Amino acid sequence: MSKEWPLWEVFIRSQHGLAHKHAGSLHAPDAAMAIRNARDVYTRRNEGVSIWVVRSADIVASSPGDREALFEPAQSKVYRHPTFFPMPDEVKHI
Amino acid sequence: MYAQMVDTGVRSVKDAAAMTPEEQAFQARIDADVKVEPKDWMPEHYRRTLIRQIQQHAHSEIVGMLPEGNWVTRAPTLKRKAILMAKIQDEGGHGLYLYSAAETLGVSRDDLIADLHAGRVKYSSIFNYPTLTWADIGAIGWLVDGAAIMNQVPLQRTSYGPYARAMVRICKEESFHQRQGYEIMMHLAQGTPEQKRMAQDALDRWWQPSLMMFGPPDADSVHSAQSMQWKIKLLSNDELRQRFVDQTVPQADYLGLTVPDPQLRWNAERGHYDFGPIDWREFYDVLKGNGPCNRDRIRTRVKAWEDGAWVREAAVAHAEKRAARKAA
């Protein structure tokens, strides 16, 4: 039984100056092959102008159990949104 | 449907009272259309059913390359050949997206492939039929990819996040497949009488197998109810089949071809086409391994895997050597 190629996560930046976005994953023996495979698997229709690959094993993720502790505190802070502050109609450009 | 008769491992669907608190919370999230993600808690049956379904789907994409690959060297023009190769490459890509989605559920790629090769997991019955003429490539794009789209569009809303995201990507690409197939059929149907006969012959042979792709009638489909509660199946087999017939018959009419079903007629009262019975014995027989091409398909896949082993091993050896040199 041969060794399975490691798993890589693929991030693609599209043409319009947006950030790299997770596209999916694939197996490859090394980083160079991961980029080549990512080109074939995830950019067959001009989806991107730049590719990042990173070993899946190197990604650290938050755990679902921490969801409340991490994200709940932001829920009560509605004043962080501009719509919290109503402006009079007479006041322009604000 | 690319995944047929997926076993959920349950005999009956649990109602809320019979569920554990964890199961209740899980079902409540699904009912609220919250996606399940890889690290979330999920019932073991849900996980195993999904692995089976996504895996069947992936294998179907991969094995589905074979009947089309049969015509790459004999495509009638360079343009057709380039288009066919692009389509086959897409199918390979679709298989890879789906294998990755299945792997997020804690199975390894090699195990999935071993399951296919050992016959432990099926692929869609449709790919066990031969492609005898060039018109079959048209019929596959039009009918088989058409049926696949019918099934895959609702699956973009399926409850498991990685599966739903893979479906979004696949659906974007699939419409090219169907159109290129229909365009082949249009050219043949508007061509010489002999070409038109070829197109009709392909429709005659692919019609019933395409209807079977959606799986057995709802009444005989034991696992549908559980899969629908989990939202890993969103529409019933019969519902999808009816939609497919309603959509496809007018397309056949436009081609001037005859759908091979003497009982096919528009039912104004129902607002749908009525169609004749399907030979389910043939379907079960093909699933059991006795279709025209079952043995050949698996033999070809296993050979490709075994012939490629030295390349995979050499690539690993090369990567390890480079890494060792870098570390030194």
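The values are calculated or read from the model by the stated rules, or taken from the named source; none is laboratory data. Fair warning: this is a prediction, and the values are worked out from it, not measured in the lab. All Cβ positions, glycine included, derive from the backbone under ideal geometry; neighbour counts span all protein chains shown. Protein only, heavy atoms only, side chains kept; ligands, DNA and RNA dropped before computing areas. Shrake-Rupley method; radii C 1.70, N 1.55, O 1.52, S 1.80 Å.
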Exercise. Considering the range B:170-185 alone, what residues qualify as being surrounded by 17 or more Cβ atoms within 10 Å (Cβ to Cβ) and either more than 20 Å from B:LEU235 (Cα to Cα) or of a type in the set (Val, Ile, Thr) (or both)?
Worked result: B:ILE170, B:GLU173, B:HIS177, B:GLN178, B:GLN180, B:GLY181, B:TYR182, B:ILE184, B:MET185
Problem set entry | Among (1) touching a Ser or Thr at 6+ places or on another chain (Cβ under 8 Å); (2) open to solvent by 100 Å² or more (accessible area, probe 1.4 Å) - the single one A:TRP52 does not satisfy | (1)
Problem set entry | Pairs with Cβ under 6 Å, 6+ apart, first in the range B:293-308 and within 14 Å of B:ALA114 (Cβ to Cβ), second assigned to a helix (DSSP H, G or I) | B:VAL302/B:HIS117
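Which of the residues spanning the range B:21-36 are in a loop (DSSP other than H, G, I, E, B) and loosely packed, with under 12 Cβ neighbours inside 10 Å?
B:ALA32, B:ASP33
Just to be sure I understand, how many residues within the range A:1-45 are more than 15 Å from the chain's Cα centre (by Cα) and aliphatic (A, V, I, L, M)? Write out each step before concluding.
So in the range A:1-45, the residues more than 15 Å from the chain's Cα centre (by Cα) come out as A:1-7, A:15-16, A:26-41, A:43-45.
Next, from what is left, pick out any that are aliphatic (A, V, I, L, M): A:1, A:7, A:26, A:28, A:31-35, A:38, A:41.
Summing the residues that are more than 15 Å from the chain's Cα centre (by Cα) and aliphatic (A, V, I, L, M) in the range A:1-45 gives 11.
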Problem set entry | Sole residue being over 30 Å from B:TYR163 (Cα atoms) and in contact with a strand residue (DSSP E or B) (Cβ under 9 Å, 6 or more places away or on another chain), chosen from B:GLN242, B:GLN263, B:GLN251 | B:GLN263
Exercise. Among the residues of the range B:93-104, is there at least one that is of a type in the set (Gly, Ala, Ser), more than 10 Å from every other protein chain (Cβ to nearest Cβ) and open to solvent by 30 Å² or more (accessible area, probe 1.4 Å)?
Worked result: no
Exercise. For B:LYS39, are the conditions met, namely being in contact with a helix residue (DSSP H, G or I) (Cβ under 6 Å, 6 or more places away or on another chain), open to solvent by 60 Å² or more (accessible area, probe 1.4 Å) and not in a helix (DSSP H, G or I)?
Worked result: yes
Exercise. Can you tell me which of B:ALA219, B:ALA166 is of a type in the set (A, V, I, L, M, F, W, C) and open to solvent by 60 Å² or more (accessible area, probe 1.4 Å)?
Worked result: B:ALA219
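For the structure I just gave you, tell me whether B:THR73 is in a helix (DSSP H, G or I) and away from chain A (no Cβ under 14 Å).
Considered against the rule, which asks whether it is in a helix (DSSP H, G or I) and away from chain A (no Cβ under 14 Å), B:THR73 comes out as yes.
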Exercise. Going by the conditions given, is B:TRP230 buried (at least 22 other Cβ atoms within 10 Å of the Cβ) and under 30 Å from B:LYS39 (Cα atoms)?
Worked result: yes
Exercise. When you look at B:ASN290, is it away from chain A (no Cβ under 14 Å), crowded, with 17+ Cβ neighbours inside 10 Å, of a type outside the set (Val, Ile, Thr) and out of contact with any Leu (no Cβ under 7 Å at 6 or more places or on another chain), yes or no?
Worked result: no
Exercise. Quick check, is B:GLU320 of a type in the set (Asp, Glu), more than 20 Å from the chain's Cα centre (by Cα) and either open to solvent by 90 Å² or more (accessible area, probe 1.4 Å) or more than 22 Å from B:GLN200 (Cβ to Cβ) (or both)?
Worked result: yes
